[in-house]
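Each remark here refers to the structure printed beneath this line.
Coordinate-derived values only; no laboratory data. Note that the structure is predicted; figures quoted are calculated from it, not measured. Every residue, glycine as well, gets a Cβ built from its backbone with ideal geometry; the counts of neighbours run over all protein chains shown.
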Amino acid sequence: MSRPRGRPAQGQGVTREAILSAALGLLDEDGAQFGMRALAARLGVTPMSLYHHVGDRAGLLQALSDQVYGAVLEDDAEAAPGPAILALLIRYHDAVGRHPQLTLAIFAEPAAFAGVTRAITGRLDALLSALTPEPLLWRDILVDHAHGSALALCAARGAPQQAGAMREQYRRALARMLDSLAGPEPGPR
């Protein structure tokens, strides 16, 4: 049985909110199976119905990242750069840990790196510029550390104590790196 192109199946419409909710669920369950066709099947609509609401795959991933990472940019305007970076990266780490497949999907789709994810990077760059003459180097180090630690939380799913210990270890390591960043430059080795 074929469906008319761009028309919802069984006369049912679909909302952007329903698409984003189903997409995040599909990503969380099995990121390898994530795609527009699988999402359309889950929602009982044609793939063209999705494109009307979210554009292409990159647009869908950007909308998901805006939704998931939106709270990462809470205003820390009153905080000094070090504490603001610490708070920003802890919120980001927690968001990546809750939805690791979203981060992996964005890695695989560079066009999806826009919106809130780009704003987080810009905020981090600005804060680091106040602390170090090498803000881009430190941004890469700190973001890679956040990603690696948060993605490792996948192994602790179903083990809340282990996951909590891993989160605390990330926070301690991040604080230590930021303390050393604010301190004197190390001498030659």
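With springs connecting C-alpha atoms under 10 Å apart, model the chain as a Gaussian network and identify which of Ala71, Ala105, Ala165 has the largest mean-square fluctuation.
Ala165
Using only Cα atoms and rounding to the nearest 10 degrees, what angle (0 to 90) does helix 160-182 make with the longest principal axis of the chain?
Between the helix axis and the principal axis of the chain, the angle is about 50 degrees.
Could you list the residues of the stretch 90-107 with an amide nitrogen less than 18 Å from a label point located 7 Å from the Cα of Ala152 in the Cα-to-C-beta direction?
90-101, 104
What is the calculated FRET efficiency for Gln169 to Met48, with r their C-beta to C-beta distance and R₀ = 41 Å, to the nearest 0.05? Please list the in-between numbers first.
Values: r = 46 Å, r/R0 = 1.12.
For Gln169 and Met48, the calculated efficiency is 0.35.
Take the Cβ-Cβ distance between Ala159 and Ala38 as r, set R0 to 41 Å, and report the resulting FRET efficiency rounded to the nearest 0.05.
Working: r = 29 Å, r/R0 = 0.70.
Efficiency at R0 = 41 Å is approximately 0.90.
To the nearest 0.05, what FRET efficiency results for Asp56 and Leu136 with a Förster distance of 30 Å applied to their C-beta separation? Mind showing how you got there, number by number?
Details: r = 29 Å, r/R0 = 0.98.
About 0.55, to the nearest 0.05.
How far, in degrees from 0 to 90, does helix 57-69 lean away from the longest principal axis of the Cα atoms of the chain, to the nearest 10?
It is inclined by approximately 50 degrees.
Considering all alpha-carbon pairs of the stretch 9-55, what whole percent are spaced by more than 17 angstrom?
Details: 237 of 1081 pairs.
The proportion of pairs with Cα distances above 17 Å equals 22 percent.
Across 10 Å bins from 0, what is the distribution of all Cα-Cα pair distances for the stretch 67-182, in whole percents?
Here the calculated profile for the stretch 67-182 is 13, 47, 33, 7, 0.
Using per-residue counts of other Cβ atoms within 10 Å, averaged over each peptide, order 107-119, 150-162 from highest down.
Numbers: 107-119: 15.2, 150-162: 13.3.
With the highest mean Cβ count within 10 Å placed first, the list reads 107-119, 150-162.
With charges set only on the Cβ (+1 for Lys and Arg, -1 for Asp and Glu), what does the dipole of the stretch 67-182 come to about its Cα centre, in debye to the nearest 20?
Here the stretch 67-182 has a charge dipole of around 360 debye.
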